[in-house]
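Presented below is the structure to which this report refers.
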Amino acid sequence: MNSLMRKCFFGILLGYGIMLCGLFYWHLFADLGEHPANPRYYLVFSQPRGSFLDRNGFVLAASEVMEDGTRARKYTIPSLSHVIGYFHSRYGITGLEKTYHSGLMGGQTVWTTIDLGIQRLVEEAFAGYTGAVIVIKPSTGEVLALLSSPYLDGNQLDKKWTTYREDVRSPFLNRVTQGLYPPGSAVKPIVYGTALIEDVARAEQLWVDKGVVQLVDREIANYGALPLGTLTTEEALAQSSNVVFAQLAAALGTRLLSAYDRCGLGRALPFDLPNRGGYLPDQAYSDYGYAQLGIGQGELLVTPLQMGVLVAAIANRGTMMAPYLIRELRGGFRLRQITRPRSLGQVLPERTAVLVRDAMVLAVQNGTAQTANITGVSVAAKTGTAQNPHGQDHAWFIGFAPSIDPQLAIAVVVEQGGVGGTTAAPIGGTILKGALDILNRQER
């Protein structure tokens, strides 16, 4: 009898424990407000909602009242779907629509840093390619344009949802923040700057490039094993000499990894959208391993966001600014909130950043980035051709303009685009030129 009573007691106790755990879960952890089984979840899609605006006040997303009295969210430009996200009763809420959902429901207006004119320019220049583009204002960290291709059209989710899901190019993936790529030679400006800082090389130091260099028992070659002859370290960056930069990286060893870490590689950045940190190994174990990392290959993986912030730091004389998308929040029941630019630190000494800039200008004048040249404007840039085990090489371009007083910095990656100077650099040059024209018109 006592045994039966004990079993009943513990059974009742267990039942109460399960109920208590359930109550804790539903009250503390479960997001009932966004649960599809909650009828109130669907009410938000029929209520007034605040808008998203670009930096100049042009509408990026707003709710419209339809003929039947229902409300529908309308998006001005599809290529911002990886930034603004979408707000849909069937497919949910994503992007900044989700981040600022509460404020938007309270009538708040979200002013972004996006420039609608520059975003349209980027969308047009990158049409037909798979990859990513980010345009940043170097002095502040404001993101003026962000494109991941392919992308969704938030106005046609009902019509095209099945097509999007079946697209093998993954249009749901934000390649700017989540895409991982070897940077190839686009990372060489950091190697160059670190070599100058650590007295491993001087800008005017002469090297002999025979097209191939032996490290331990393995070889590293230039693209096509092309010998570049006698050249300075500065010219080696402009001509993208793997031979020279393999030797610089091997001489730097762990100091190169420390420089990469200081420049934000291998970790996520503070940003308005979730982003991946890429991959930076703890060590390379051999000179050949460090040489591979020095030419942007091996285990090193980066996001286009990281490369955009990095080139913006070089443009900003070595000071890295935190990237951001939200300029200010207005209206509703809350006080006006303004985002202030924030420094993430000095990643290169100012004098070194200027020397890196000069070498990148040389790359546009008579090096691998000549196809990004803009008549009448001094452009600083670096290209990259990153080996891809799954197909053709990825094409990279990073740059800024004007080189002396930079207004814009850009990172472009074209998946399986081949040679960076052939594919990515012309896109980058077109965007820089068009964006500078847009900014100049706005200032008049």
Q: Report the residue count in region 408-428 for those that are within 18 Å of the chain's Cα centre (by Cα) and either over 22 Å from T177 (Cα atoms) or part of a helix (DSSP H, G or I) (or both).
A: 4
Q) Do any residues in region 261-290 that are farther than 30 Å from I114 by Cα and in contact (Cβ under 8 Å) with a residue 12 or more places away in the chain have Cβ atoms under 7 Å from those of residues that are among the β-branched types (V, I, T) and assigned to a loop (DSSP other than H, G, I, E, B), where the two are at least six apart or on different chains, and which pairs are they? A) S286/V216; D287/V216; Y288/V216
Q.
I'd like to verify a number: residues in region 255-276 that are in a loop (DSSP other than H, G, I, E, B) and more than 13 Å from E299 (Cα to Cα), how many?
A. 12
Q.
Looking at region 229-254, I want the residues that are over 10 Å from G294 (Cβ atoms) and assigned to a strand (DSSP E or B) and have a partner that is among the β-branched types (V, I, T) and at pLDDT 95 or above with Cβ atoms under 8 Å, at least 6 apart or on another chain. Which pairs are those?
A. G229/V208; T230/V208; L231/V244
Q) If you go through region 202-217, how many residues are among the β-branched types (V, I, T), under 26 Å from Y285 (Cβ atoms) and modelled with pLDDT of 95 or more? A) 2
Q: Search region 315-332 for residues being touching a helix residue (DSSP H, G or I) at 6+ places or on another chain (Cβ under 7 Å) and among the small types (G, A, S), and hand back the single one that is nearest to L144 (Cα to Cα).
A: G318
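Does L256 fit the bill of being crowded, with 23+ Cβ neighbours inside 10 Å, at negative phi and either acidic (D, E) or touching a helix residue (DSSP H, G or I) at 6+ places or on another chain (Cβ under 6 Å) (or both)? Lay out the reasoning, then the answer.
Values: crowded, with 23+ Cβ neighbours inside 10 Å: yes; at negative phi: yes; either acidic (D, E) or touching a helix residue (DSSP H, G or I) at 6+ places or on another chain (Cβ under 6 Å) (or both): yes.
Taking the combined requirement at face value, the residue satisfies it.
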Q) Which condition number in (1) surrounded by fewer than 24 Cβ atoms within 10 Å (Cβ to Cβ); (2) in contact (Cβ under 8 Å) with a residue 40 or more places away in the chain; (3) not acidic (D, E) is the one that P402 fails? A) (2)
Q | Unmet criterion (only one of (1) over 30 Å from V83 (Cβ atoms); (2) touching a residue at least 12 places away in the same chain (Cβ under 8 Å); (3) surrounded by fewer than 18 Cβ atoms within 10 Å (Cβ to Cβ)) for R342 | A | (1)
Q | Wholly enclosed helices (runs of 4 or more DSSP H) of region 130-204 bearing at least 1 residues without any contact (Cβ under 8 Å) to a residue 24 or more places away in the chain | A | 157-166
(Q) Name the single residue that is surrounded by the most Cβ atoms within 10 Å (Cβ to Cβ) among those in region 277-301 being in contact with a strand residue (DSSP E or B) (Cβ under 7 Å, 6 or more places away or on another chain), not aromatic (F, W, Y) and not in a loop (DSSP other than H, G, I, E, B). (A) A291
Q) Of the residues that make up region 110-125, is at least one touching a residue at least 60 places away in the same chain (Cβ under 8 Å), assigned to a strand (DSSP E or B), over 20 Å from V309 (Cβ atoms) and among the aliphatic types (A, V, I, L, M)? A) yes
Q) Can you name every residue in region 88-113 that is surrounded by 20 or more Cβ atoms within 10 Å (Cβ to Cβ) and among the charged types (D, E, K, R)? A) E97
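Among what's in region 55-77 and is in a strand (DSSP E or B) and β-branched (V, I, T), pick the residue that is farthest from I118 (Cα to Cα).
Of the residues in region 55-77, the ones in a strand (DSSP E or B) are 59-65, 71-75.
Keeping just the survivors that are β-branched (V, I, T) gives 59, 65.
Values: V59: 14, V65: 29 Å.
Result: V65.
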**Q.** Odd one out for A62, checked against (1) over 30 Å from A313 (Cα atoms); (2) out of contact with any Lys or Arg (no Cβ under 9 Å at 6 or more places or on another chain); (3) surrounded by fewer than 18 Cβ atoms within 10 Å (Cβ to Cβ)
**A.** (2)
Q: Using the structure shown, decide if A221 is crowded, with 22+ Cβ neighbours inside 10 Å and not aromatic (F, W, Y).
A: no
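For a quick check of your reading: which strands (runs of 3 or more DSSP E) sit entirely within region 314-397 and have at least 3 residues that are not hydroxyl-bearing (S, T, Y)?
Numbers: elements: 319-321, 326-330, 343-346, 380-386.
Passing ranges, in order: 326-330, 343-346, 380-386.
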Q. Going by the conditions given, is L206 surrounded by fewer than 24 Cβ atoms within 10 Å (Cβ to Cβ) and more than 22 Å from A380 (Cβ to Cβ)?
A. yes
**Q.** Options Y164, Y192, Y181; residue that is touching a Gly at 6+ places or on another chain (Cβ under 9 Å), more than 16 Å from V83 (Cβ to Cβ) and aromatic (F, W, Y)
**A.** Y181
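The values are calculated or read from the model by the stated rules, or taken from the named source; none is laboratory data. Since this is a predicted model, take the numbers as computed values, not measurements. Cβ coordinates were reconstructed from backbone atoms using ideal geometry, including for glycine residues, and neighbour counts include every protein chain displayed.
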